[in-house]
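What follows is a set of notes on a single structure, which appears directly below.
The values are calculated or read from the model by the stated rules, or taken from the named source; none is laboratory data. Fair warning: this is a prediction, and the values are worked out from it, not measured in the lab. All Cβ positions, glycine included, derive from the backbone under ideal geometry; neighbour counts span all protein chains shown. Keep in mind that these areas ignore ligands, DNA and RNA; they rest on the heavy atoms of the full protein, side chains included. Shrake-Rupley method; radii C 1.70, N 1.55, O 1.52, S 1.80 Å.
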Amino acid sequence: QVQLVESGGGLVQAGGSLRLSCAASGRTFSDVAMGWLRQAPGKERELVAGISWSGRSIYYADSVKGRFTISRDNAKNTVDLQMNSLKPEDTAVYYCAADSTPYLVQPRTTPREYAYWGQGTQVTVSS
């Protein structure tokens, strides 16, 4: 239905920046909310940011608010996550994910609602 491929992960020092990109294909991409999720070893998968189908409504986890920015370009079928002021606790595998319900005004705020997700990209932040 929708295929997602992440890129842009890597190793950075604390305080540095990375930009993650997700390339999507499929008939439903432009109709659904998109999100970035992450999972660190031994921790539950966490929704970092979400963006509505239109791009007009955005959600951020409190832990990244003010540091991360999610954006999408429906014409190009991409969704990005700009990560600034990175901290060691941001270390995780980051996944691009898509909701399954079209035309929601606001992105949903729990990971279980995002039914489709990519293979992930590793982000490691050293102190």
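Suppose we filter Leu20, Leu104, Leu86 for residues that are in a strand (DSSP E or B) and of a type in the set (A, V, I, L, M); which single one remains?
Of the residues listed, the single one that is in a strand (DSSP E or B) and of a type in the set (A, V, I, L, M) is Leu20.
From (1) hydroxyl-bearing (Ser, Thr, Tyr); (2) within 11 Å of the chain's Cα centre (by Cα); (3) open to solvent by less than 60 Å² (accessible area, probe 1.4 Å), pick out the condition that doesn't hold for Thr69.
(3)
Which members of region 24-36 meet the condition of being open to solvent by 10 Å² or more (accessible area, probe 1.4 Å) and part of a strand (DSSP E or B)?
Ala24, Ser25, Gly26
Filtering region 110-127 down to residues that are open to solvent by 70 Å² or more (accessible area, probe 1.4 Å) and among the polar types (S, T, N, Q), which residue is farthest from Arg38 (Cα to Cα)?
Out of the qualifying residues, it is Ser127.
Can you confirm whether Arg72 is assigned to a loop (DSSP other than H, G, I, E, B), within 15 Å of Asp31 (Cβ to Cβ) and at pLDDT 95 or above?
Values: assigned to a loop (DSSP other than H, G, I, E, B): no; within 15 Å of Asp31 (Cβ to Cβ): yes; at pLDDT 95 or above: yes.
Against the criterion (assigned to a loop (DSSP other than H, G, I, E, B), within 15 Å of Asp31 (Cβ to Cβ) and at pLDDT 95 or above), Arg72 does not qualify.
Do you know which residues across region 1-35 are more than 18 Å from Arg108 (Cα to Cα) and among the hydroxyl-bearing types (Ser, Thr, Tyr)?
Within region 1-35, Ser7, Ser17, Ser21, Ser25 qualify.
I need the full set of residues from region 86-103 which are in contact (Cβ under 8 Å) with a residue 60 or more places away in the chain and either surrounded by 22 or more Cβ atoms within 10 Å (Cβ to Cβ) or touching a helix residue (DSSP H, G or I) at 6+ places or on another chain (Cβ under 9 Å) (or both), in order please.
Leu86, Tyr94, Tyr95, Cys96, Ala97, Ala98, Asp99, Ser100, Thr101, Pro102, Tyr103
Name every residue in region 37-66 that is more than 13 Å from Leu104 (Cα to Cα), assigned to a strand (DSSP E or B) and open to solvent by less than 30 Å² (accessible area, probe 1.4 Å), in order of residue number.
Leu37, Arg38, Leu47, Val48, Ala49
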